[in-house]
Amino acid sequence: NQIEVSSDGGNTWPTVNTPDDSEATALVVANGTLYAGTQNGNVATSRDGGTTWTLTATPPDGSQVNGLCVSVNAIYAGTQNGHIEVSTDNGASWQATAASPDGSAVLSLSCQ
């Protein structure tokens, strides 16, 4: 599985491997870091445009990560099982913060 990444304003789109050999289901760039959520329930970071990846601790839900957002102090991951997980230490640990009332999947997140 691969991700296409452009570093030249969209003129070229070379492919890079996904962080854990599963589908990347969420991507966000913040402060020069690429964050990827995966079908396997992982979150990974890359500081070199996806050439190399570092897996964070796995969010406690363990299901597919559908949405990611990064704020000044935290990373948020929304999951297929309807949970929102938060890390305040760059992914070294995660805590469950909320769940959708009916258990439906969190499909996207937005940080303000």
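The values are calculated or read from the model by the stated rules, or taken from the named source; none is laboratory data. Bear in mind the structure is a predicted one, so any value in this text is a computation, not a measurement. Glycine gets a Cβ as well: all are built from the backbone with ideal geometry, and neighbour counts include every protein chain shown. The protein model used for the area step is the full one, side chains on, heavy atoms only, and it has no ligands, DNA or RNA in it. Shrake-Rupley method; radii C 1.70, N 1.55, O 1.52, S 1.80 Å.
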Share of Cα-Cα pairs in the chain beyond 23 Å, in percent?
-> 23
Roll a 1.4 Å probe over the protein chains and send me the accessible area per residue for the chain in Å².
-> 54
Theoretical FRET efficiency, 1/(1+(r/R0)^6), r = Cβ-Cβ of LEU107 and THR54, R0 25 Å, to 0.05 = 0.45
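What is the percent carbon and sulfur in the accessible area of the chain, measuring with a 1.4 Å probe over the protein chains and ignoring ligands?
Values: 2730 of 6030 Å².
C and S fraction of accessible area: 45 percent.
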Mean separation of Cα contacts under 8 Å (at least 6 apart) over the residue count of the chain, i.e. the relative contact order in percent, is 18
